[in-house]
Amino acid sequence: MTGQFYRYQGKAWDTHFLPRLSKLQVSQLPNKEEALVILPIGATEQHGPHLPTFTDTLINEGMLTAAFDQLPDDCNIWTLAAIPYGKSNEHYGQPGTITLSAQTLMSIVLDIADSLTQSGFKKLLLFNTHGGNSALLNMMGREIRIATGMNVFRMDGGGLGIGAGIIDEREQKFGLHGGDLETSIVLAIKENWVDMNVAPNEIPNFPAGYTEKGSTNFAWIMNDISESGVAGNATLATMEKGKELIALSGEKIAIHLLEMKKFNLNSVKSGNKAK
């Protein structure tokens, strides 16, 4: 992955983009019941004065582009077009933010899953790159499983741990939105969409232990914690770091995709043996 990203170019889009196929081609796909279909889910929301509102969706597409470059041509893994809107009501009212309600996003995801079953697909990955979607999508995985019988997987781009050794520890802990990591990745994907002249450095004063796993949490919207709309230090961002982060994400996602592809839910129950 060079860091230069051309939308809808590369292996992900030329040979593994399911909507590129015709009705006839989809109907004739072999082993559809074993195929893994990825539903990318991003957002369109404010990311401070320096980043595009399309940041989360752009990062999603960039990560998947890098991942498919690592996969074998015959992997039988397919991606759909990204849902470019998410549950972004923590940014509601801020310029450029477009949010869906929780109910609307749930309905869209369930309808897409149901539609895939009508074409013969049985495995679905909800690949998310917007933190505000995470809790809802965790719940929806089970709802889709119940409603459609599909094997459903979840993955968050923000949970890959790609910042270790690249992004400093304070930023990894508190850089929740529009900081070094996201800005670096967008610089690597679409440099001319970033204005580093107005990149903020604003890290919220979270209580001790707030970001620790299992800690007590509190509800917030972006206006509660930030003046700029950013939680993190975007001034630290560089294209070089972004290229490294994209490459690492591609490697990690590819490994997970291959594991999901071969996963057999029947093997989980102790009385069954994997085929």
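The values are calculated or read from the model by the stated rules, or taken from the named source; none is laboratory data. Remember, predicted model here, so these are calculated numbers, not experimental data. Reconstructed Cβ throughout: ideal geometry from the backbone, glycine too, with neighbour counts over all protein chains shown.
Summary of values
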| read-out | value |
| --- | --- |
| Listing of helices (runs of 4 or more DSSP H) fully contained in the range 99-210 that carry 1 or more residues being surrounded by fewer than 16 Cβ atoms within 10 Å (Cβ to Cβ) | 102-118, 134-148, 169-174 |
| Considering residues of the range 230-275 that are hydroxyl-bearing (Ser, Thr, Tyr) and out of contact with any Leu (no Cβ under 9 Å at 6 or more places or on another chain) only, the residue modelled with the highest pLDDT | Thr235 |
| Qualifying residue in the range 59-72 (condition: modelled with pLDDT of 95 or more, over 24 Å from Glu182 (Cα atoms), buried (at least 21 other Cβ atoms within 10 Å of the Cβ) and of a type in the set (Phe, Trp, Tyr)) | no |
| Contacts under 7 angstrom Cβ, first residue in the range 9-21 being within 14 Å of Asn60 (Cβ to Cβ), partner among the aliphatic types (A, V, I, L, M) and surrounded by 14 or more Cβ atoms within 10 Å (Cβ to Cβ), 6 or more apart | Ala12/Leu64 |
| Residue list for the range 10-53, filter: in contact with a Lys or Arg (Cβ under 9 Å, 6 or more places away or on another chain), surrounded by 14 or more Cβ atoms within 10 Å (Cβ to Cβ) and either assigned to a strand (DSSP E or B) or not aliphatic (A, V, I, L, M) (or both) | Trp13, Lys32, Leu36, Val37, Pro52 |
| Residue list for the range 41-90, restricted to those being farther than 29 Å from Lys261 by Cβ and acidic (Asp, Glu) | Glu45, Glu90 |
| Every residue from the range 70-98 that is assigned to a loop (DSSP other than H, G, I, E, B) and either polar (S, T, N, Q) or within 17 Å of the chain's Cα centre (by Cα) (or both) | Gln70, Asn76, Leu80, Ala81, Ala82, Pro84, Tyr85, Lys87, Ser88, Gln94, Thr97 |
| Lone qualifier among Gly242, Gly232, Gly250, Gly271 - being out of contact with any Cys (no Cβ under 8 Å at 6 or more places or on another chain), outside any helix (DSSP H, G or I) and within 17 Å of Gly158 (Cα to Cα) | Gly232 |
| Conditions (1) modelled with pLDDT of 95 or more; (2) within 22 Å of Glu45 (Cα to Cα); (3) among the hydrophobic types (A, V, I, L, M, F, W, C): number failed by Leu176 | (1) |
| Number of the condition not met by Glu191 [criteria: (1) touching a residue at least 40 places away in the same chain (Cβ under 8 Å); (2) in contact with a Ser or Thr (Cβ under 8 Å, 6 or more places away or on another chain)] | (2) |
